[in-house]
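Bear in mind that the values in this text are calculations on the coordinates, not laboratory data. Note that the coordinates shown come from a computational prediction; the quantities given were computed from them, not determined experimentally. When we count neighbours, we look across all protein chains shown, and the Cβ atoms used for this are built from the backbone with ideal geometry, even at glycine.
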């Protein structure tokens, strides 16, 4: 019966308006008895027919209207069931059982507001556990009234008191008490909030013991714990609590560091609806620290180094000044035994990503091997950043293993003066930091443009002012730039970093997908852009603040094309999850959501796409609608055999939708059932559909090809007969997407009858046969899924033919379905052929259908069908294996064993330093200015640096063996030639004649066990250990206080600063080594500095120096220092006016690659402005020390100065090595040895 027929029946049976009560009781009739008998026999279709006949005679029989609704719902005729329930509701509007069923149906039909209204009416009458459970469904939450919400919350507080020890319950949600200790969890997010009654003050460690069990068929409970150490409950820092192995019981004791700092505990008994029994939740005032540490050690896989972390945790627990943030971090570390091991992100990244000491050596080798050394400019707008977070951000940028970069910062008139002061202090420490102090606040787009204007690097790296990047970030980007010379934009995976420092929620992305970009910003972090490209588009657009990077990417992609936007499948960005950040919740910044829509719509306008961005299903996600209707003809091809009831439900749903400009073609593959044959004859006779008979063995491919040949539409829609359309404008949405250039196919989102997700796209290479699998399978249909991808429009490698739209000419171009694939994987094969022809396949989540999964054909799980499935899978693997195993839209960091987005062990694309034989691409990248041709030599990697304790063990400044090993063009030359070639060509070319000329190979030579004095450790010493001593301008207490005041971690400071009155204080200390980096050039009196360094060393001790080369840094315009300058400076304690003026007026750029190419700035154009500023600065400082470079050194210059000073016996050093500056670097290494 069609929907129009039942609606007519309902309208005809509406009771007349009359004053007398209506008899709605159950009536007797032969038709009702026949319906009951059919129902009891499981024939729900026959039952529905009997009840319809009965209702013609007894239109007010309430129980039978309800039964009719049940029968229609159970046969998945949901729209007809809606009509029947509505009629019953008109008869008895206060029947709670009806309200429950009708509300549940409305939710399934995607009507959450109406569902909530019906269920709340039932709750007002009787809030039973079943009604409470229905009300707790997540889509209904925003439609519930306050009284109902409070009534639901009150359900959870009953009966728990007797199970708590040392704790009290403050709140609960999603929980109903069934009896003492017995609960029903009625939502996807049930929880208890607990507080400690009395925590012992300054107790180092306590425990939380939890024992509970599952009591129903849903299996063991999977608990979760959240801890509030002063920043609220952070969903990124949950502690998962799995049940005991092989049982339905959860019995754990979680160690809690400093319980007096713990404000509250949230305990989620299970992630979903189930029944549980809670036996005990107890606060244990004291537990053994060493036992907790031993348990954590045992939980880590042996290949993961954890001992340093555990040692730090032990030290922290014994420290009386432990802060709440650090207590939380220790608790997280020690909770490892109760977290899932194989799938845990921390284990995964420690095992497969985090570099070891050997890996860092390999990174240095690979850096030296790069054919192209791109230069980078970090671009960072800053506004009122908490100083501690700003420092952490800057430190992470400066800590890069790849050193060819600068940092361009624009302070957007921060009200807190400490922000600009911090930036200026960092800029004094490292000349690669450039600052633009804006005079007026202009918001993030204007500030970003100010920072961008400072940039000189080839590539722009966008960074937010409180986020972090790993130290291998730029190296990895440089490596991928060499691998992908066509790339103009690069983006990476990302994760989040909590306030306690934990890395969580990695977003493992696929290749660039503009359609996914229309739903959320999949690129954002880390984003790396060619500087000339950003200059071409005019930088950031004002007016799109909050989504300025969204707009930037879309405008860049319009110019360079999708293929030039390259994905780096490694986490290179740690997004700070703090209150107010969209890393915590996408609705934190409403202006960003509005700006995202404006950016996307601007893109659509420029491209002429018939699309419009609209509010999405959740904050941070946007949806799409069309700007006009299309009249493109659609042919809907439906194979069927028997099961006429299913086909009827399918066709009724099509006819209830907007189906103009379409035709229905039904391919009957041998129907024998009389009722089904009658229905086929009926729809053919009344013009509902064309019916084509195909009496042959089942072959899905051939059947659909027959339908396609008979079709007249410009678009083909292949549709299973056991589907029902839920989206009214489904055909218009498909027409619109297929009108977008490049789109050849559109897929739908299919739900099981119970509302859970069955299909939304396919991931190739997944599941048992390694052909294709369904992501998010079985999850609630209203869940967002992995980063929203269960509900966002996106491209797929393949979609299911249960509902598939394809342009007719594309289908013909691909050759249609392959008849050799009779049953399975024919849709995947077609999709791969469509993509191979250059067409995109887009999945639209708003084309939604119910699918009953091949009900008319049966299962392929066993027997002959299983053998056939395996054979067809083998065909697909033979044909497409390479393509199947590399789905471009699915991350290689995610498992192909399952579809719930867990990590792959190991990842299918390792990080570069773990690749067996990485080779960078040889093709040159484009540049703003033409680069010189590559040198006619290539380098081989160096061996690891040896430990050096004596000067005699140092490598020579020029080693023929190194030159032969590193450069193929020199491999067969003798020593005499190599030394001559080095003097005449090699030094000027920047060839490496000693491996230790590179910083990354120089530092490992210093013996970590030596007695060492480090000059200026500040907050981040280069060396640590019992034999290390430190010299700084602050004593230990002042330094720690200063660190805490600036938001830095005092634990990062040296425990003790041993010398605070200058280097002369260390005289006679007999150190094995003194180390300084970028320090000697700041010393006003170089001779005195060297004398004091020698006095601190034992006879034969070594002074290790890293110094900037003035030729390749911002000192390029300044004349090289001479021995006369050095001697003239004797006794000087601060820098001269001339030094200050020269540094300001003559300051060049700090890009070493450009300097090596002879590309220097014309500083004369800014001479007057700079001179004015310098004179004002000198006047403001008065007698205060001004920190500038007093010495402008190169390796030859330093050699001459040292030789002269030694010859004049002015310094007690007898020998030295000065290693020449490598190509594209701006610093050199030196080692001085004190007299024996």
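In table form, for the structure just shown:
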| read-out | value |
| --- | --- |
| Rh by Kirkwood over Cα pairs, then Stokes-Einstein D for the range 648-746 at 0.692 mPa s and 37 °C, µm²/s | 222 µm²/s |
| Relative contact order (percent, whole number), the range 171-296, Cα cutoff 8 Å, 6+ residue spacing | 39 percent |
| Residue order, fewest to most surrounding Cβ atoms within 10 angstrom, among 605, 411 | 605, 411 |
| Calculated [θ] (222 nm, deg cm²/dmol) that DSSP helices of n ≥ 4 give over the chain, each run adding -39,500 (n - 2.57) | -10500 deg cm²/dmol |
| Share antiparallel - DSSP beta bridges, the chain, percent rounded to 5 | 60 percent |
| Cβ-based exposure ranking for 1005, 205, 212, 197, in which fewest neighbours within 10 Å come first | 197, 1005, 205, 212 |
| Footprinting exposure proxy for 377, 1077 (fewest neighbouring C-beta atoms within 10 Å first) | 1077, 377 |
| Rounded to 10°, Cα long-axis angle of helix 78-91 versus longest principal axis of the chain | 60 degrees |
| Sequence-separation-based contact order of the range 323-454, relative, with Cα cut under 8 Å and 6+ spacing, percent | 23 percent |
| Mean Cβ neighbour count within 10 Å, used as a protection proxy, ranking 1201-1208, 51-58 highest first | 51-58, 1201-1208 |
| Rounded tilt (10° steps) of 443-453 against the dominant C-alpha axis of the chain | 40 degrees |
| Whole-number percent relative contact order across the chain, with pairs defined as alpha carbons under 8 Å at least 6 apart | 7 percent |
| For the range 357-585: span of alpha carbons on each principal axis (Å, largest first) | 43, 41, 34 |
| Relative packing of 93-100, 801-808, which averages over residues the other C-beta atoms within 10 Å, highest first | 801-808, 93-100 |
| Descending semi-axes in Å of the range 152-302, equivalent ellipsoid built from Cα gyration tensor | 25, 19, 14 |
| With Cα atoms, 0 to 90° folded angle of helix 357-369 axis to the chain main axis | 80 degrees |
| Compactness index (Cα Rg / 2.2 N^0.38 Å), the range 498-582 | 1.18 |
| Rule-of-thumb Rg ratio for the range 417-499 [Cα; 2.2 N^0.38 Å; N residues] | 1.29 |
| For the range 278-411, diffusion coefficient by Stokes-Einstein and Kirkwood Rh (Cα), 4 °C, 1.567 mPa s, µm²/s | 69 µm²/s |
| For the chain, the spread of Cα positions along each principal axis, largest first, Å | 124, 71, 59 |
